[in-house]
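A quick write-up on the structure given underneath.
The values are calculated or read from the model by the stated rules, or taken from the named source; none is laboratory data. The shown structure was predicted, so the numbers you read here are calculated from the model rather than taken from an experiment. Quick reminder, even Gly has a Cβ in these numbers, built from the backbone with ideal geometry, and neighbours come from all protein chains shown. Areas reflect the complete protein model, heavy atoms only, side chains present, ligands, DNA and RNA absent. Shrake-Rupley method; radii C 1.70, N 1.55, O 1.52, S 1.80 Å.
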Amino acid sequence: MTDVQISGVTTVALAVMLVSIVLNDIRTHRISNISVLMVLALGLGSQVALNETMGIAYWLSGMAVGFAIFIPFYIGGGMGAGDVKLMAAVGSVLGTGGAAAAAAVALVAGLPLALIIVMHRSISEKRAMQFTANAQHGAHQTQGWSTKSFTREGSKQRIPFAAAIAVGAIGSLWWTGKLQHLAGVL
């Protein structure tokens, strides 16, 4: 199956959608199903418009590639279901080759993000242990303080991986020359 083309309108629409999704993910640590469905609809409409009935096959195969690359991370507990669904949706827009490139770039881009968050959580847990030890020994008054934000409960916050997926999508579009083509048209 050959990789599909993506129109300039689709590229701009995908970028706008991804910015909105990233901002929401940073704010709420969630990727809404409505957002994912909108990206899937963009992918289906674009693929069918550009490739007629074969567009459905391109749409499904891109979705499958994005899903297949990210699902092991969800199963392993390192990624949320929304991230997997978003990568599948982005894959449906980009096609098989674009989905593979976007997933690879997203994983590389997400690594520093994950490391920063893991380091922050580790430091927070150490502070919580010190705070708890000091409070138990009467060294500090605990009125008005909650160790909840420093404990494992606070460390279960999700990583806003939509940003890495957006970087992956843009990286894929750049790598395949589609962004340069769009810039030439504008």
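Can you tell me which of 56-68, 161-173, 74-86 comes out highest on packing, and rank the rest after it, using the mean Cβ neighbours within 10 Å?
Values: 56-68: 20.9, 161-173: 24.5, 74-86: 17.8.
Result, highest mean first: 161-173, 56-68, 74-86.
Per-residue accessible area (protein heavy atoms, 1.4 Å probe) orders 53, 28, 10 as 53, 28, 10, starting from the largest.
On a per residue basis, segment 1-80 carries 56 Å² of accessible surface, using protein heavy atoms and a 1.4 Å probe.
Karplus-derived 3J(HN,Hα) values for segment 60-76, using 6.51 cos²θ - 1.76 cosθ + 1.60 with θ = phi - 60°, are 5, 5, x, 4, 5, 5, x, 5, 4, 6, 8, 4, x, 5, 5, 4, x Hz; glycine and proline are entered as x.
So how do 127, 27 rank on accessible area, 1.4 Å probe, biggest first, that is with the largest at the start?
Values: 127 135, 27 170 Å².
My answer, sorted largest first, is 27, 127.
Roughly speaking, what is the stretch gain from residue 7 to residue 64, that is 0.36 nm per residue apart minus the C-alpha to C-alpha distance, in nm to one decimal? Present the calculation step by step, with values, prior to reporting the outcome.
On the way: separation 57, 0.36 × 57 = 20.52 nm, distance 2.10 nm.
Residue separation times 0.36 nm, minus the Cα-Cα distance, leaves 18.4 nm.
Give the shape of segment 32-115 as rounded, prolate or oblate, defined through the alpha-carbon gyration tensor: a ≥ b ≥ c are the square roots of its eigenvalues, a/c under 1.5 means rounded, and otherwise the shape is prolate if a/b is larger than b/c and oblate if not. Taking the square roots of the gyration eigenvalues as a ≥ b ≥ c, segment 32-115 is prolate.
The length gained on full extension between residue 125 and residue 38, counted as 0.36 nm times the residue separation minus their Cα-Cα distance, comes to 27.5 nm.
Once you order the gyration tensor axes a ≥ b ≥ c over the Cα atoms, which shape class does segment 1-77 get: rounded for a/c under 1.5, otherwise prolate or oblate by comparing a/b with b/c? Oblate, because a/c is 1.5 or more while a/b does not exceed b/c.
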